[in-house]
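Below: one structure, written as structure tokens.
The values are calculated or read from the model by the stated rules, or taken from the named source; none is laboratory data. Everything numeric in this text was worked out from a predicted model, so none of it was measured. Please note: Cβ atoms are built from the backbone with ideal geometry, for glycine as well, and neighbour counts cover all protein chains shown. Heads up: the accessible areas ignore ligands, DNA and RNA and are worked out on the full protein's heavy atoms, side chains in. Shrake-Rupley method; radii C 1.70, N 1.55, O 1.52, S 1.80 Å.
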Amino acid sequence: MNQHPSDQASSLDAAAAELGPGGDLAPEADQDGYRRRMARRKEVQQQRVGERNLEKGLVLVFTGDGKGKTTAALGLALRTLGHGDQVAVVQFIKGGWQPGEAKALELFGEALHWHALGEGFTWETQDRERDRQLVQQAWEQSLVYLADASRKLVVLDEVNVALKLGYLGIEQVLAGLDLRPELTHVALTGRGAPPQLLERADLVTEMKLVRHPFREQGVKAQRGIEF
């Protein structure tokens with residue numbers, strides 16, 4: 001009796017976990033036993049890769065209270081640009097300064113479109129209606145890119161914060177995601193991603209804050225680290 005593809009994938013995942021990643025985690029003390037384990041691990045891994053051959057545009061969410069959400073999304077942007085594909089970045093909330101990433105990525109010319117459509121954090125703008133207006137403008141620009149098949153990746157930076165503040169509706173965002181061509185990826189960053197977005201996402205990474213120099217040591221935001 002043939003296994004269902006999902007059952008077979010689960011069996012291969014379980015086999016990979018049982019065989020382990022090797023190194024000093026493997027129980028074999030002798031080289032021959034270790035080599036046999038790793039040869040079997042390689043075989044299982046090749047089967048796992050072969051079973052997973054679907055290609056689709058992904059919804060990737062980077063959230064949590066730890067540092068690195070925007071950095072992760074822009075790492076994807078750099079990787080995409082390196083393959084010769086086009087990227088669009090729309091920044092919500094942020095925009096009171098030009099980050100180093102924007103300056104560096106200017107080298108890619110028209111392959112990258114970057115829009116910083118906010119005017120800074122809420123405690124700096126102090127104008128709720130103005131913030132709401134700018135978020136909606138940013139969202140209208142986002143819709144243009146989400147529907148553009150020439151953009152392989154669209155980064156919606158801090159859009160989760162705009163959702164949390166009530167400046168953008170989750171229904172708007174979910175509908176916008178449905179506009180994407182089949183192979184267009186979208187990365188959404190920011191703290192407090194709503195449950196509906198997490199449910200819709202293909203990949204969710206939550207950055208966990210363990211230690212931060214601003215909080216524990218009073219270290220200011222530094223060029224090249226925070227911006």
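Enumerate the pairs (first residue in the range 49-68 and aliphatic (A, V, I, L, M); second residue anywhere and in a loop (DSSP other than H, G, I, E, B)) with beta-carbon separation below 7 Å, excluding pairs fewer than 6 apart on the same chain, so at least 6 apart or on different chains.
LEU58/ASP202; VAL59/ALA201; VAL59/ASP202; LEU60/ALA201; LEU60/ASP202; VAL61/ALA193; VAL61/ALA201
So which residues in the range 38-56 are touching a Gly at 6+ places or on another chain (Cβ under 7 Å) and among the charged types (D, E, K, R)?
Across the range 38-56, the qualifying residue is only ARG41.
Those residues that are part of a helix (DSSP H, G or I), of a type in the set (Gly, Ala, Ser) and over 25 Å from ARG132 (Cα atoms), I need them from the range 35-77; list them, please.
Applying the first criterion (part of a helix (DSSP H, G or I)) to the range 35-77 yields 35-51, 69-77.
Right, trim to of a type in the set (Gly, Ala, Ser) and you get 39, 50, 72-73, 75, 77.
Those that are part of a helix (DSSP H, G or I), of a type in the set (Gly, Ala, Ser) and over 25 Å from ARG132 (Cα atoms): ALA39, GLY50, ALA72, GLY75, ALA77.
Which one is farthest from TYR167 (Cα to Cα), of the residues in the range 192-212 that are within 12 Å of the chain's Cα centre (by Cα) and among the acidic types (Asp, Glu)?
ASP202
Quick check on LEU174: is it surrounded by 22 or more Cβ atoms within 10 Å (Cβ to Cβ), modelled with pLDDT of 95 or more and not hydroxyl-bearing (Ser, Thr, Tyr)?
Here the answer is no, as LEU174 does not meet what is asked.
With respect to GLU18, is the statement that it is part of a loop (DSSP other than H, G, I, E, B), loosely packed, with under 13 Cβ neighbours inside 10 Å and charged (D, E, K, R) true?
no
From the residues in the range 21-30 that are more than 14 Å from GLU43 (Cβ to Cβ) and small (Gly, Ala, Ser), which one is most open to solvent (accessible area, probe 1.4 Å)?
Taking the candidates together, the pick is ALA29.
Of everything in the range 203-227, what is in a loop (DSSP other than H, G, I, E, B) and open to solvent by 70 Å² or more (accessible area, probe 1.4 Å)? Give them in sequence order. Write out each step before concluding.
Residues of the range 203-227 that are in a loop (DSSP other than H, G, I, E, B), as a first pass: 208-212, 218-227.
Hits for the range 203-227 are LYS208, VAL210, ARG211, LYS220, GLN222, ARG223, ILE225, PHE227.
Considering only residues of the range 177-193 that are aliphatic (A, V, I, L, M) and touching a strand residue (DSSP E or B) at 6+ places or on another chain (Cβ under 8 Å), which is surrounded by the fewest Cβ atoms within 10 Å (Cβ to Cβ)?
Here the residue is LEU183.
Being in contact with an Asp or Glu (Cβ under 6 Å, 6 or more places away or on another chain), under 25 Å from LEU81 (Cβ atoms) and of a type in the set (S, T, N, Q): is that true of THR189 here?
yes
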